[in-house]
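Chemist: Here it is, the structure in full.
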Amino acid sequence: MTTSNMSTDQIEKRLTSDYTTYSKEVQKIAKYLISNTVEIPLYSIRQIAKKAQVGPSTLVRLVNLLGFKRYVDFKNIYIEGAKKTVSNFTIRAQKIQQQKTDKSFQSFEKFALNTLDCVLNDEVYSKIYPLLDHILEANNIYILGMRGSFSLAFYLHFLLHMMLPNVKLIRDQEGMLSSEITHMDSKDLVIVFGISPLSQSSTSAINQIVKKDPKIVVFTDEIIANIVPNATQLVSLGSHSQTLIPSFIPFVAFSEMLVSKLITKGDKRILDYIKRTETELSEVGVFVKS
């Protein structure tokens, strides 16, 4: 069998069966890959090596031992495997059940920290500044999140509408989805939460939105997911399977960081709008006095 015909399961069986034949450094990266396969399609060779605390050359040595001439060929196997995945709810639930009760909290603590690593890094920081420009320049900002992703869309809308008058949440209630999309044009910005598995309703909405030609920014857990062809910007926030569905932790953290940077970059108008919104909410008794 050639390496191009290998599956991710076959690679992982090789890593396990040949593990004792590897040098200590190669064992280190092999063990990391076996435990963190979801990261392989998402990160570069340097990022993976850094996470495993080995040099990139050690990772290259391992993929060569597996029969691959280049790391990119090895990575492509995992990218293609990820594209075929529809839903892993049952597998994730089984893994959670298999956790030992006395160690489950330690495991979740490690997982939560790993999800934040997907946000708190230079690669993600570099994507925030052009996104700020898109937000400030847009005539209207639409936020889309269907099914499980709706709560994330609602939260970002809740944060942004406190400081910007042109933020709209796409709700898809009472058959109003098409009506909301009808008003979009090329001067607008659409922020899409595209968490796997992507629902049919999300795909349908995105296809309609693309036809209106707005700028589209996608927040996703899979960098390999072609959610929006030729998206203006794609922000990958990692893929993790410690919970039943992909974790919301990195998406919430990114949303809060984005809003903080927007306040920093925004002019006095943003501060004035926040103050006016807060005053109006207080006057109608939305908040309870401490």
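Chemist: Ranking request for peptides 128-134, 25-31: highest mean number of other beta-carbon atoms within 10 Å first, then the rest in descending order. All intermediate terms of the calculation are to be shown ahead of the outcome.
Modeler: Values: 128-134: 14.3, 25-31: 18.9.
Result, highest mean Cβ count within 10 Å first: 25-31, 128-134.
Chemist: Distance from a point 7 Å along Cα→Cβ of T264 to each backbone N in the stretch 123-142: keep the residues under 13 Å and list them by number.
Modeler: Flagged as within label range: 125-130, 132.
Chemist: Which distance in nm do the two modelled labels at S23 and E256 give, with both placed 7 Å along the Cα-to-Cβ direction?
Modeler: For the pair S23/E256, the computed spacing is 4.3 nm.
Chemist: If you don't mind, another one. For the stretch 117-283, what is the convex hull volume of its Cα atoms per residue in Å³?
Modeler: 126 Å³
Chemist: Which length gain, in nm to one decimal place, applies between Q10 and L65 when the Cα-Cα distance is subtracted from 0.36 nm times their residue separation?
Modeler: 18.4 nm
Bear in mind that the values in this text are calculations on the coordinates, not laboratory data. Being a predicted model, the structure only gives us computed values, none of them experimental. We place every Cβ from the backbone using ideal geometry, glycine too, and count neighbours over all the protein chains shown.
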